Ligand SMILES: [Zn+2]
């Protein structure tokens, strides 16, 4: 806990008011339990698990994104839209039955029919009787292969995606007709994606070019600042080095941060490096970092995630105080010195 506090930059007058940065309980409210879970890292772990499961699935990006929405029950079904004044909560096919997510994707006869063609006989009973969250969890973690070789969770995800797609097309396009052999459409979709992916990775392999990467000196009159952040065995450190246009070492640093994410450790590196440069009276700085996320975050106007907000604000303040900084993204191989200093900071 102390390490977590150590990793926070000390408050300044330019900071905005405090705000809560974790989701709270299921309904978004503050509770002692939600704060306690956050401190113990429970919610992060739970999210990460399913996050990895979803993003590693062999399906197109749009299907993954759809499944991510399903995970949190974020679909604009009639039942969900009704309280906002958008029509009746009922299914367009079933009389007097509310259109919830589980109804559209499983219980509606239209969906039922599709599943019956896809599900192996012995799994049908359990599939149709469990509650929404265990249904989601159970199918997402079912890696079993079907007869044709397709993984069940992939077939499940693609089917859910299509059931929702067809439901929308039916609602908004009066000429749309659901495919007669839906299960075939789904199997083709899965197989086409897998074969397209393997052929595109073949093409990418062919096109790979080797480039020699090394540290590049700054222009005459400028100083390069390479920084990096690292997290090892749960503790974060950062480090950096200032060099002139001939590659001569001016100064370097290595700093222990505490408990922080890699992203925050990278930001700490940038902030500490720029402060050091300013102390030395250096104004023209080529900042070289290997984290694309940090380069993007510092390059646009947004303050980015709440996690790094206060550090990003401090770095921007330094820019405004007269530091002339050019930000460059470099390959990790060109940032080895800073990387080693950051690792030392973790010890
Ligand atoms: Zn229905």
Odd one out for residue 178, checked against (1) in contact (Cβ under 8 Å) with a residue 40 or more places away in the chain; (2) in a helix (DSSP H, G or I): (2)
Residue within the stretch 186-195 that is within 16 Å of the ligand (Cβ to nearest atom) and touching a residue at least 12 places away in the same chain (Cβ under 8 Å) present: no
Index of the failed condition, residue 24 passing every other in (1) modelled with pLDDT of 85 or more; (2) surrounded by 15 or more Cβ atoms within 10 Å (Cβ to Cβ); (3) part of a loop (DSSP other than H, G, I, E, B): (1)
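Select, from 109, 120, 89, the only residue that is free of Cβ contacts under 8 Å to residues at least 40 places away in the same chain and in contact with a helix residue (DSSP H, G or I) (Cβ under 6 Å, 6 or more places away or on another chain). Can you show your working first?
Numbers: 109 fails: in contact with a helix residue (DSSP H, G or I) (Cβ under 6 Å, 6 or more places away or on another chain); 120 fails: in contact with a helix residue (DSSP H, G or I) (Cβ under 6 Å, 6 or more places away or on another chain).
So the residue among 109, 120, 89 that is free of Cβ contacts under 8 Å to residues at least 40 places away in the same chain and in contact with a helix residue (DSSP H, G or I) (Cβ under 6 Å, 6 or more places away or on another chain) is 89.
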Lone qualifier among 319, 256 - being farther than 23 Å from residue 213 by Cα and not in a helix (DSSP H, G or I): 256
Residue in the stretch 232-248 that is part of a strand (DSSP E or B), more than 33 Å from the chain's Cα centre (by Cα) and within 17 Å of residue 327 (Cα to Cα) present: yes
All positions within the stretch 318-343 that are over 28 Å from the mean Cα position of the chain (by Cα) and surrounded by fewer than 17 Cβ atoms within 10 Å (Cβ to Cβ): 319, 320, 321, 322, 324
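The values are calculated or read from the model by the stated rules, or taken from the named source; none is laboratory data. What you see is a predicted model, and the numbers here were worked out from it, not measured in a lab. Every residue, glycine as well, gets a Cβ built from its backbone with ideal geometry; the counts of neighbours run over all protein chains shown.
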